[in-house]
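**Q** There's a structure below that I have some questions on.
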Amino acid sequence: MLAVALTGLVGAAVYFFVWGKWGPPAAITPVGKEVDRQYQLTLAITGAIFILAQLGLAFAVLRYRGSGRGAHYSHGNNKLEFLWTFATTVIFLGLGLLGYKAWGAVRLTPASPGAIPIEVTTSQFVYNFRYTGPDGRFGMTDPKLISPSTGNPLGLDPNDPAGRDDIVVPTLTVPVGREIDLLIRSQDVIHSVFVRELRLQQDAVPGLTVPLHFTADKIGTYDIVCTQLCGLGHSRMHSYLNVVSESDYESFLKRQEQLLRQAGGR
Ligand SMILES: [Cu+2]
């Protein structure tokens with residue numbers, strides 16, 4: 001019975017992975033595709049070991065059932081223990097080193113000089129995205145000036161001319177095929193920025209500006225969610241990443257600049 005149950009378990013596990021119905025949506029960045037390749041490799045190696053180990057156990061249960069012999073005491077086998085510890089170390093370290101390209105490259109290297117800087121500020125329970133405006137510079141902010149109800153959620157300092165053209169919006173719009181340099185901040189507790197299609201998940205930590213860069217290669221609208229339990233409204237903390245064509249991006253910026261002028265600037 002146990003041997004049959006184990007074999008059934010292995011069959012069901014393999015079936016669900018091969019079926020792939022609950023897999024993630026397709027990646028939209030070169031790094032995302034790298035993460036997927038790395039994940040598939042890890043899954044293939046650990047999956048093969050899982051199948052062999054469980055089927056081996058089922059075989060042993062079946063083969064040695066009811067033989068009437070008592071169990072015999074063993075001191076273990078040094079050679080075998082060395083072998084599987086060594087194999088585990090090689091696989092673990094090997095996958096870790098291979099994963100550098102997928103995980104580390106995006107975090108341990110800075111964005112290229114031509115990347116578009118966009119600041120993400122998280123707070124309970126919203127995202128605010130800031131663009132530099134035509135001057136290419138972010139204006140100064142002051143925590144004392146933070147006032148979402150009067151339209152200054154980031155606390156932009158009106159005396160700093162660099163901040164007068166800064167665009168602040170609740171959703172992230174980026175041009176396709178261009179590198180984006182996200183600068184992630186938090187005003188209160190630890191939040192996070194997670195976009196499944198980018199295969200990126202990064203905490204927003206109060207007091208830090210965490211950079212994260214990506215180049216999306218597929219036009220579309222994707223969910224941005226907070227994956228840190230940040231308070232009662234955590235489940236509502238949500239925004240969108242709009243990947244648009246270069247010309248749509250230009251008109252988005254134009255429109256925002258126009259709105260800012262209509263509002264009389266800051
Ligand atoms: Cu949050």
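Values quoted throughout were computed directly from the atomic coordinates according to the rules given, and no laboratory measurement underlies them. Everything numeric in this text was worked out from a predicted model, so none of it was measured. Methodologically, a virtual Cβ is constructed for each residue, glycine included, from the backbone with ideal geometry; neighbour enumeration extends over all protein chains shown.
**Q** Counting other beta carbons within 10 Å of each Cβ, put T46, T7 in order, fewest first.
**A** Exposure proxy ranking, most exposed first: T46, T7.
**Q** Can you put M237, M1, M140 in order of Cβ neighbours within 10 angstrom, beginning with the fewest?
**A** By the 10 Å Cβ count, ascending: M1, M140, M237.
**Q** Which is farthest toward the positive dipole end of segment 2-110 among L57, G68, P24, measuring Cα position about the Cα centre, with Cβ charges +1 (Lys, Arg) and -1 (Asp, Glu)?
**A** Of the listed residues, the answer is G68.
**Q** Here is a further query. Angle, helix 78-99 long axis vs. longest principal axis of the chain, Cα atoms, 0 to 90°, nearest 10?
**A** Around 20 degrees separate the two axes.
**Q** Right, next: Collect residues whose amide H, placed 1.01 Å from N in the peptide plane, falls under 5 Å from the amide H of E179; neighbours closer than 5 in sequence don't count.
**A** I116
**Q** Restricting to segment 116-262, what percent of DSSP beta bridges are antiparallel, rounded to 5?
**A** 70
**Q** Report the local net charge at V176: Lys and Arg +1, Asp and Glu -1, summed over other residues whose C-beta lies under 13 Å from its C-beta.
**A** -4
**Q** Here's a follow-up. Which percent, nearest 5, of DSSP beta bridges in segment 98-189 are antiparallel?
**A** Rounded to the nearest five, the antiparallel share is 60 percent.
**Q** Let me ask something else about it. Taking the Cα centroid of segment 191-266 and of segment 125-162, what is the distance between the two, rounded to the nearest whole Å?
**A** So the separation of the two Cα centres works out to 15 Å.
**Q** Determine the sum of side-chain charges near E119: Lys and Arg each +1, Asp and Glu each -1, restricted to other residues whose C-beta is under 11 angstrom from that of E119.
**A** 0
**Q** Students often get this wrong, so check it: of K79/K101; K101/K218; K33/K254, which have C-alpha atoms separated by over 25 Å?
**A** Beyond 25 Å: K79/K101; K33/K254.
**Q** Could you work out how much longer the chain between L9 and A26 gets when fully extended? Use 0.36 nm per residue separation minus the Cα distance between them, nm to one decimal.
**A** Going from the current span to full extension adds 3.3 nm.
**Q** About the Cα centre of segment 1-99, what is the dipole size in debye to 20, counting +1 per Lys and Arg Cβ and -1 per Asp and Glu Cβ, all else neutral?
**A** My answer is approximately 320 debye.
**Q** With +1 on each Lys and Arg Cβ and -1 on each Asp and Glu Cβ, how big is the dipole of the chain about its Cα centre, in debye rounded to the nearest 20?
**A** Approximately 1140 debye in magnitude.
**Q** For S112 paired with D135, estimate the spin-label separation in nm (one decimal), with each label point 7 Å from Cα along the Cα-to-Cβ line.
**A** Calculated label separation equals 2.9 nm.
**Q** In what order do R196, R37, R236 fall by count of nearby beta-carbon atoms within 10 Å, going from fewest to most?
**A** R236, R37, R196
**Q** Also, I was wondering about something else. Along the charge dipole of segment 121-200, which of V193, G139, N159 sits closest to the positive end, that is, farthest toward it, with unit charges on the beta carbon of Lys, Arg, Asp and Glu (+1, +1, -1, -1)?
**A** It is V193, whose Cα lies furthest towards the positive end.
**Q** State the antiparallel share, in %, of DSSP beta bridges confined to the chain, rounding to the nearest 5.
**A** If we restrict to bridges inside the chain, about 70 percent are antiparallel.
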